[in-house]
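The values are calculated or read from the model by the stated rules, or taken from the named source; none is laboratory data. Just so we're clear, the structure is a prediction, and the values are computed from it rather than from any experiment. All Cβ positions, even for glycine, are placed from backbone atoms using ideal geometry, and neighbour counts span all protein chains on display.
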Amino acid sequence: MVPYKVSYHKANSVAEAIELLNKYEDECKIIAGGHSLVPMMKLRLAEPENLIDISGIEELSGITETENFIIIGACATHADIGRSDIIKKHAPMLEQATNKVGDVQVRNFGTIGGNIAHADPAADWPTLLLAANAKIIIQNAEGTREVDADDFFQGLFSTDMEENELITAIYIPKSAANRNSVYRKFPQPASRFALVGCAAAIEVRNGKVANARVAFAGVSATPFRDSGIEKALEGRNFNAESIEAATSNVANGVSVMQDHFANEKYRRHLAGVFAKKALTDLA
Amino acid sequence: MTLIGTSVKRVEDKRFITGKGRYTDDIVLPQMTFAYFVRSPYAHANIKSVDISSASEMDGVVKIYTGKDIAESGINGVPCGWQVDFKNGDTMKEPPHPLLVADKVRHAGDAVAVVIAETYAQAKDAAESVMVDYEVLPAVVNAKAATQEGAPLVHEDAPNNLCFDWELGNPKAEVDAAIEGSHHVTTLDFINQRVIPNAIEPRSAIGHFEGHNDRYTLYTTSQNPHLTRLLMCAFVLGIPEHKVRVVSPDVGGGFGSKIFHYIEEALVTWASKQIGRPIKWTAERSESFVTDAHGRDHVTKAEMGFDKDGKITALRVKTYANLGAYLSTFAPAVPTWLHGTLLQGLYTTPLIHIDLEAVFTHTTAVDAYRGAGRPEATYLLERLLDTAALEMGTDPAELRLKNFIQPFDGVTQEGYQTQVALQYDSGNYHEVLHKALKMVGYEDFRAEQKAARENGKLLGIGFSTYIEACGIAPSAVVGSLGARAGLYESAQVRVQPTGKVSVFTGAHSHGQGHETTFAQVVADKFGIPLEDVEIVHGDSESVAFGMGTYGSRSLAVGGSAIVKSIEKVLEKGAKIAAHKLECSAEDLEYAGGKWTVKGTDKSISFGDISLTAYVPHDYPTGVEPGLDFSSFYDPTNFTYPFGAHIAIVEVDKDTGKVTLKRFIAVDDVGNVINPMIVDGQIHGGVAQGIGQALFEGTIYDESGQLLNASYMDYVMPRADDLPNFEVDRTVTPCPHNPLGVKGAGEAGCIGATPAVVNAVMDALTPYGIHDIEMPVTSQKVWNVINGN
Ligand SMILES: Cc1cc2nc3c(=O)[nH]c(=O)nc-3n(C[C@H](O)[C@H](O)[C@H](O)COP(=O)(O)OP(=O)(O)OC[C@H]3O[C@@H](n4cnc5c(N)ncnc54)[C@H](O)[C@@H]3O)c2cc1C
């Protein structure tokens, strides 16, 4: 398993990374943890001529907080996120997810930025960011822009990002919903990516659901929030009955993926099962 | 000092754990080049043309060979090492398997050309530029379908894709009549699915020809380097055997897939002479998936008759065995002599018949995979037993106990003659099952299960009581069954002048821990420290000859050869000692590392005698100097380990997911030299057997593409899929080899699979479901419980 010939460049700052991106245009790729890109290169499904390594850039690492947001650097690894007390306190579903991503090596290398840029339909982070109502901070030569997770994921391995852009950070709101959040995953038995994953963040006020965000991984080519579930819950009492009703017709109208581990019917069913599990955990 | 029977830590682990193992791919030779094979993406296609012109121009390319070059060179294809004849006496169809194919590809992964370049990456880059024009043809992948009228032919001279047909057992008419007359007949139609061995180290081979002394060296990932040398020299390349050294260094797992002689080994050896430089080839994982010989793949209908008391009256089996596109080294033996002969199981079944068709398909070759034939036989029997119990409303454990062969030790009582050609050596089948039932707490479990069911939970228990024929085995017997080689083993025990001992064994360790187990035997018999013994294996230049490691034969056959040489050393040592101690050899006894004159305190140590043998100044007349003996051991029978495995599972109704809650294995592998290593072998085998039951299996599409040819899709069992195994054993020594050992390498893999599937079926009894095809995945379970 050897990739095609490739040149390697180490960027020491975001500015330098952007400069290199503009220099090599469509003949380069950013490499962060390399745990999605390198396998693709070894299988010769990706053949960048130049790699721009951002993994050592200080500004992209770490997890910090402001009054209203948790800020996760694009190069924070799964393991970094799993160890963060800030995350634990404000968005438990993110911490739960880190134990379910790959194995220890993957968690020590893979980054959240790389994971969402790659946008694998079975990856965990895209779905979590949808449920968390996250904002993705993207930088290019002109400056930075901010994209809602809702608008970022556009399809199979496809996002709202140009080739000369870089994700620098992810903002997670410190919201009541995120504090009451959970991630449940049924792993595909070989890859351990999500055959179905369900992230749910639910704000309950005076016994009623005030705000519900429920998103799925592995179900469709694009991670999505299930507005059917969310609408069915909002304004209701949060209990077994409302959960049962809300999860009776999951992924309605969504085109569901099929493979030899799960055909459409089974996958849709699993999505319902895991939505129910997730919501029941929170109720 | 007794080392035999103690869990000595594995001496080889220091280098493995510290990353210092030396595998074939670790070997770097001066001037070495790299080979990359151009392989067919299609399962069946005519090769219209192969254009190497642009590839030849690419950076670093040294040479490219195509199928045409190989055909013109006059070298042969790789041979098959076992012949099975048709029922009518005709010889099996044995189509050639050339090192590179010239006109037609017969499975996805078939080798069409090879690029040799300065670096591996350059070889791979150029291989992508070799232009092959294929005319794609329809393919057939299922063994039964391949025999039907109109199925695409894999080899033109094998009509109906039949390699051979075969039968074994009692006269068919008698078996038919007994089945017809039975009080109850249980029938199962099933596929024992194809699995991929997946050794962690991919196959690798380095060919090195040295012109100045006209010698070849092949480094290869082989479970039996000597056989590879014999086959390659005598059948493929036609080069003198004494000019070829085959080295099989550390090997990272084989599970059968590295027994066989593969095209890549012969190709790099041959081509090294042509280009005058060493050539290394190492498989990529995706290549391993489609070129390592696969295992199992039977389409079977099995019927078992019972009388009204639940005694088995007869067994009738029809199997289509998939051999793949070419005959791998031992392929014909696996579904026949390693499968049909095991259909007696542990039971007194009076009438047995198997009818088998061995079939070519457009798939990767199928050959021995851990257990080889015996897991298929066990699966068939044990699924029948549990299904029959469900159908007849009897207890599966009771049903077995009722039908077991009575205990026999093979010494004071004769071996048990089966209806299918074997004579079991010794056994106590009731005891293993009783022990396993006790460990599981059977009655408590049934109560727990009942309560769980009332709470809507699906708990199940499954049994498997198996026997295997191991220690492969008596040369005359296997010869009469079609083996084209003997299956003895050799061992040389060389006592060095200082009393240290080097042992050269023809067995080959690729995970089994021979360097420890064999050393324990030697150290114990000589009464010297373990550290004073070295075990050498895997090099045709240092080891006289060997038949390698597979079929759980290393200790039973290879270990016995070592014991023979040890006895010769002690006998000669006694002569020297008698001279030194001025007595007769009969007056001496050997213990604790010294010869002592019986009834006195006069003694002389092993070390002193060793030195005397090499510095023979004061020496008995008529005795040769030196202390170095070789032996060949050819056993008189197979060995027959057996055991009882019990699985407990819980099925999640919502997801269909099967969770293995407990796994109990009571195995009888005869005497045990190193309990820890035996437990390790059982654990690994059980995990592998569970893998087949719940996770593994190839998925071919109709065109012959292997759809799950990567670890993203092919499900291997992992630690978190498995409970802590509860293992124990009984000991029924093998009566016919000097160590009384039977073999432990395959037991786990043979016993585990049906236990797990049986447990799932037991859990699903509320749904009246009696069979789900392996692997029993969540989706399949969910589908059947929802009536989909
Ligand atoms: C064995 C294994 C198991 C895995 N299991 C899971 C799992 O269960 N769940 C799961 O979600 N994932 C899983 N993964 C994927 C893993 O999480 C990857 O690490 C992650 O998807 C990619 O992160 P990375 O830093 O390694 O990215 P890289 O591989 O370095 O890059 C991936 C892509 O993102 C781009 N990129 C990287 N960083 C940025 C950035 N800051 N801005 C713009 N583009 C960028 C790259 O150019 C590339 O196209 C697994 C991976 C492996 C190897």
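Any idea which residue in the stretch A:148-163 is surrounded by the most Cβ atoms within 10 Å (Cβ to Cβ), counting only those that are in a strand (DSSP E or B) and more than 12 Å from the ligand (Cβ to nearest atom)?
Looking at residues that are in a strand (DSSP E or B) and more than 12 Å from the ligand (Cβ to nearest atom), I get A:F153.
Restricting to the stretch A:164-191, what's the tally of residues that are of a type in the set (V, I, T), within 9 Å of the ligand (Cβ to nearest atom) and more than 21 Å from A:P121 (Cβ to Cβ)?
Kept after step one, since they are of a type in the set (V, I, T), are these residues of the stretch A:164-191: A:167-168, A:170, A:172, A:182.
Among the residues that remain, those that are also within 9 Å of the ligand (Cβ to nearest atom) are: A:167-168.
Next, from what is left, pick out any that are more than 21 Å from A:P121 (Cβ to Cβ): A:168.
Number satisfying all stated conditions: 1.
Which pairs do you get when a residue that is within 11 Å of the ligand (Cβ to nearest atom), found in the stretch A:16-32, comes within reach of a residue that is acidic (D, E) and outside any helix (DSSP H, G or I), reach meaning Cβ atoms under 6 angstrom, with the pair 6+ apart or on two chains?
A:I31/A:D53
Residue by residue through the stretch A:104-140, note down the ones that are more than 8 Å from the ligand (Cβ to nearest atom), in a loop (DSSP other than H, G, I, E, B) and crowded, with 24+ Cβ neighbours inside 10 Å.
Scanning the stretch A:104-140 gives a single hit, A:A134.
If you go through the stretch B:144-153 one residue at a time, do you hit one that is free of Cβ contacts under 8 Å to residues at least 12 places away in the same chain, within 28 Å of A:R44 (Cα to Cα) and either within 12 Å of chain A (Cβ to nearest Cβ) or assigned to a helix (DSSP H, G or I) (or both)?
The answer is no; no qualifying residue exists.
Note down all Cβ pairs under 9 Å where the first residue falls in the stretch B:252-263 and is farther than 14 Å from B:T291 by Cα and part of a loop (DSSP other than H, G, I, E, B), the second is modelled with pLDDT of 95 or more and of a type in the set (D, E, K, R), and they're at least six residues apart or on different chains.
Note: pairs meeting the criteria are B:G252/B:E201; B:G253/B:E201; B:F255/B:R370.
Among the residues in the stretch B:227-242, are any farther than 26 Å from B:A325 by Cβ and assigned to a helix (DSSP H, G or I)? Lay out the reasoning, then the answer.
So the first thing to find is which residues in the stretch B:227-242 are farther than 26 Å from B:A325 by Cβ, and the list is B:239-242.
When the remaining residues are screened for being assigned to a helix (DSSP H, G or I), the result is B:241-242.
So far as the stretch B:227-242 goes, yes, one or more of its residues are farther than 26 Å from B:A325 by Cβ and assigned to a helix (DSSP H, G or I).
When the residues of the stretch A:45-56 are narrowed to those that are of a type in the set (A, V, I, L, M) and near the ligand (Cβ under 9 Å from one of its atoms), which ends up farthest from A:K88 (Cα to Cα)?
To start, the set of residues in the stretch A:45-56 that are of a type in the set (A, V, I, L, M) comprises A:45-46, A:51-52, A:54.
Checking which are near the ligand (Cβ under 9 Å from one of its atoms) leaves us with A:46, A:51-52, A:54.
Numbers: A:A46: 36, A:L51: 34, A:I52: 32, A:I54: 26 Å.
This residue is A:A46.
Quick one: count up the residues across the stretch A:76-103 that are of a type in the set (A, V, I, L, M), outside any loop (DSSP other than H, G, I, E, B) and farther than 14 Å from A:A131 by Cα. Full working, then the answer.
As a first pass, look at the stretch A:76-103 and keep what is of a type in the set (A, V, I, L, M): A:76, A:79, A:81, A:86-87, A:91, A:93-94, A:97, A:101.
Okay, now just the ones that are also outside any loop (DSSP other than H, G, I, E, B), so A:79, A:81, A:86-87, A:93-94, A:97.
Adding the requirement that they be farther than 14 Å from A:A131 by Cα leaves A:79, A:81, A:86-87.
Count: 4.
Looking only at helices (runs of 4 or more DSSP H) that fall completely inside the stretch A:175-283, which ones have 1 or more residues that are within 14 Å of chain B (Cβ to nearest Cβ)?
On the way: elements: A:176-179, A:227-233, A:240-246, A:264-282.
In the stretch A:175-283, A:240-246, A:264-282 are the helices (runs of 4 or more DSSP H) which contain 1 or more residues that are within 14 Å of chain B (Cβ to nearest Cβ).
For the stretch B:512-628, which helices (runs of 4 or more DSSP H) that fit wholly inside it have 3 or more residues that are over 27 Å from B:L487 (Cα atoms) and touching a strand residue (DSSP E or B) at 6+ places or on another chain (Cβ under 9 Å)?
Working: elements: B:514-526, B:560-581, B:606-614.
By residue number, B:560-581, B:606-614.
Could you grab the pairs with beta carbons closer than 6 Å, sequence gap of 6+ or different chains, first residue in the stretch B:75-96 and assigned to a strand (DSSP E or B), second one of a type in the set (D, E)?
Going by the 6 Å Cβ cut-off, the qualifying pairs are B:T91/B:D85.
Just to be sure before I move on: is A:K42 more than 14 Å from A:I167 (Cα to Cα), among the charged types (D, E, K, R) and either more than 11 Å from the ligand (Cβ to nearest atom) or not assigned by TED's automatic domain parsing to the domain that holds A:I72 (or both) in the structure I sent?
Numbers: more than 14 Å from A:I167 (Cα to Cα): yes; among the charged types (D, E, K, R): yes; either more than 11 Å from the ligand (Cβ to nearest atom) or not assigned by TED's automatic domain parsing to the domain that holds A:I72 (or both): yes.
Yes.
When you look at B:V784, is it outside any loop (DSSP other than H, G, I, E, B), modelled with pLDDT of 95 or more and within 14 Å of chain A (Cβ to nearest Cβ), yes or no?
Yes.
Read through the list (1) within 29 Å of A:Y8 (Cβ to Cβ); (2) within 13 Å of the ligand (Cβ to nearest atom), then give the number of the only condition that A:G62 fails.
It fails just one condition, (2).
Out of all the residues in the stretch B:330-346, is one or more assigned by TED's automatic domain parsing to the domain that holds B:H430, within 30 Å of B:E443 (Cα to Cα), touching a Phe, Trp or Tyr at 6+ places or on another chain (Cβ under 6 Å) and among the polar types (S, T, N, Q)?
Scanning the stretch B:330-346 turns up no residue that is assigned by TED's automatic domain parsing to the domain that holds B:H430, within 30 Å of B:E443 (Cα to Cα), touching a Phe, Trp or Tyr at 6+ places or on another chain (Cβ under 6 Å) and among the polar types (S, T, N, Q).
Considering the stretch B:264-282 alone, what residues qualify as being surrounded by fewer than 22 Cβ atoms within 10 Å (Cβ to Cβ) and aliphatic (A, V, I, L, M)?
Matches in the stretch B:264-282: B:I275 only.
To keep it simple, each residue is scored yes or no on (1) away from every other protein chain (no Cβ under 14 Å); (2) over 28 Å from B:E515 (Cα atoms).
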{"site": "B:D667", "(1), (2)": "yes, no"}
{"site": "B:G670", "(1), (2)": "yes, no"}
{"site": "B:I673", "(1), (2)": "yes, no"}
{"site": "B:Q681", "(1), (2)": "yes, no"}
{"site": "B:G697", "(1), (2)": "no, yes"}
{"site": "B:G704", "(1), (2)": "yes, yes"}
{"site": "B:M712", "(1), (2)": "no, yes"}
{"site": "B:P723", "(1), (2)": "yes, yes"}
{"site": "B:D728", "(1), (2)": "yes, no"}
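Select from the stretch B:713-730 the residues that are out of contact with any Phe, Trp or Tyr (no Cβ under 8 Å at 6 or more places or on another chain), exposed (fewer than 15 other Cβ atoms within 10 Å of the Cβ) and not basic (K, R) and list them in ascending order.
Matches in the stretch B:713-730: B:A719, B:D720, B:N724.
Enumerate the pairs (first residue in the stretch A:90-105 and outside the structural domain of A:E67 (by TED's automatic domain parsing); second residue anywhere and more than 10 Å from the ligand (Cβ to nearest atom) and not in a loop (DSSP other than H, G, I, E, B)) with beta-carbon separation below 9 Å, excluding pairs fewer than 6 apart on the same chain, so at least 6 apart or on different chains.
That search, which allows pairs on different chains as well, returns nothing.
Could you tell me whether the stretch A:54-75 includes any residue that is crowded, with 18+ Cβ neighbours inside 10 Å, polar (S, T, N, Q) and part of a helix (DSSP H, G or I)?
no
Which residues, taken from the stretch B:168-206, are over 30 Å from B:L218 (Cα atoms), surrounded by 14 or more Cβ atoms within 10 Å (Cβ to Cβ) and acidic (D, E)?
If the condition is that a residue be over 30 Å from B:L218 (Cα atoms), surrounded by 14 or more Cβ atoms within 10 Å (Cβ to Cβ) and acidic (D, E), then B:E174, B:D176 are the ones that fit.
Does A:F152 fit the bill of being within 14 Å of chain B (Cβ to nearest Cβ), out of contact with any Pro (no Cβ under 7 Å at 6 or more places or on another chain) and of a type in the set (F, W, Y)?
On the way: within 14 Å of chain B (Cβ to nearest Cβ): no; out of contact with any Pro (no Cβ under 7 Å at 6 or more places or on another chain): yes; of a type in the set (F, W, Y): yes.
No: the conditions fail for A:F152.
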